[in-house]
Amino acid sequence: MIPCQSEGIVIQASSGLFQVETDYGVIECMARAGADPGAIVPGDRVLISPQPAGRGVIESLMPRKTRFSRKVAGRRQDEQVIAANLDQVIIVLAAAEPPFKETTLDRYLAAVEHCGLDAVVCINKTDLASAANPVSASDLAGRAEVYARIGYMVIMTSAATGSGIDPLRQALEGRVSALVGPSGVGKSSLICAVSPGVSLDTGEISASTGKGRHTTTCSRLIKLDNGGYVADTPGMREFGFHQISRDELAWCFREFRVHVESCKFADCRHIKEPGCGVRKAVEQGLVSLRRYEHYLRLMGGVGPSNHIVVC
Ligand SMILES: Nc1nc2c(ncn2[C@@H]2O[C@H](COP(=O)(O)OP(=O)(O)OP(=O)(O)O)[C@@H](O)[C@H]2O)c(=O)[nH]1
Ligand SMILES: [Mg+2]
Ligand SMILES: [Zn+2]
């Protein structure tokens, strides 16, 4: 039993039970009676008090530095916090199986920017990028370059061959990160490759749909040997933004920011307005047309509350 109230970090939350890492080891805790157990997520720093049988009760939640959240499918306003106190989010996509889609990447990137977190792009399964596949290795390098040029760290990995695992490990070192992305892209496999002592379930891609099978069902924070933590998260079938307003979306496309300043109108939404600095930058080739088209697509998916609800 832990001697008195102590501080800890929530590493897993599942069905109202929490695994909390403390100086006395990992302690299984419940939320205090009356508290909303859904409000406590991996990465949260908490104060716990001892209970019989080596268990604990979460007495209080410390203020969060950051939170990474998404909109709950089917509900308009509800926010689901995926992890708290992250420094950065690693957005994982696969070169193939499931297919690489820039629209998905841009949606995740905007959400990470909106949360004020650093984003790293990780393209996994590079072993599948070959002449025989829809995405060849050189095609993939060209697509990755678009993101490197606008300032994102891009890491190409293969959990299968071990290629790119060292740079990924270095990017995670000493920081609190989460791996996010669609089901089946290899998030859990990458964490196992980075931290060989860790055992996580991984699952085959469905042969009929070509999609992942949602093998990971709840987020879990894993302590890394070289300092830092990484959260394995469940692949999301849908990824809705939590409350990005139309006015905020352009800011979430980081390379637009400098051009927004030269828009003629302060409330320019960069769609059809005259004197738009962003459109001019697209015409001059300073901003990728594809990224701009994805911006427009997201702008089109605005819900009744003027918030983006594209999934
Ligand atoms: N060829 C190849 N297969 C990989 C690679 N990484 C993972 N896989 C395979 O892809 C499948 C899905 O991997 P997971 O690690 O379960 O994917 P995930 O992103 O954690 O999926 P969810 O937990 O469902 O979100 C498994 O069959 C892995 O063995 C890779 O680099 N190359
Ligand atoms: Mg997984
Ligand atoms: Zn504009």
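Computed from the coordinates by the stated procedures, all read-outs in this text should not be read as laboratory data. Quantities reported herein were computed from a predicted structural model and do not represent experimental measurements. All Cβ positions, glycine included, derive from the backbone under ideal geometry; neighbour counts span all protein chains shown.
For this structure, a couple of remarks:
- When you count the other C-beta atoms within 10 angstrom of each residue and take the mean per peptide, 7-15, 116-124 line up highest first as 116-124, 7-15.
- Given +1 at the Cβ of Lys and Arg, -1 at the Cβ of Asp and Glu and no other charges, the dipole of the chain around its Cα centre is 780 debye to the nearest 20.
- Only Lys, Arg, Asp and Glu carry charge here, each on its Cβ (+1 for the first two, -1 for the last two); on that basis region 18-134 has a dipole of about 360 debye about its Cα centre.
- Other residues with beta-carbon under 15 Å from the beta-carbon of F265 carry, at +1 per Lys or Arg and -1 per Asp or Glu, a net charge of +2.
- Positive-pole candidate from I205, P274, A95, dipole of the chain, charges at beta carbon: P274
- Summed residue charge, Cβ within 10 Å of D118's Cβ, Lys/Arg positive, Asp/Glu negative: -1
- Exposure proxy order (Cβ contacts within 10 Å, fewest to most) of T161, T233: T161, T233
- Dipole magnitude for region 6-61: computed about the Cα centre from +1 point charges on Lys and Arg Cβ and -1 point charges on Asp and Glu Cβ, it is near 120 debye.
- Number of Lys pairs (Cα under 29 Å; 8 or more positions apart or on different chains) in the chain: 22
- Long-range tail of P(r) for the chain (Cα pairs > 28 Å, %): 44
- Mean residue ellipticity at 222 nm, helices only, the chain: -6500 deg cm²/dmol; runs of at least 4 DSSP H residues each add -39,500 (n - 2.57), and the sum is divided by the number of residues.
- Cut-off 14 Å between beta-carbons: net charge of the residues surrounding Y229, Lys and Arg +1, Asp and Glu -1: 0
- Taking label points 7 Å from Cα along the Cα-to-Cβ direction, E248 and K211 give a separation of 2.7 nm.
- For region 86-135 and region 1-73, distance of Cα centres in Å: 31
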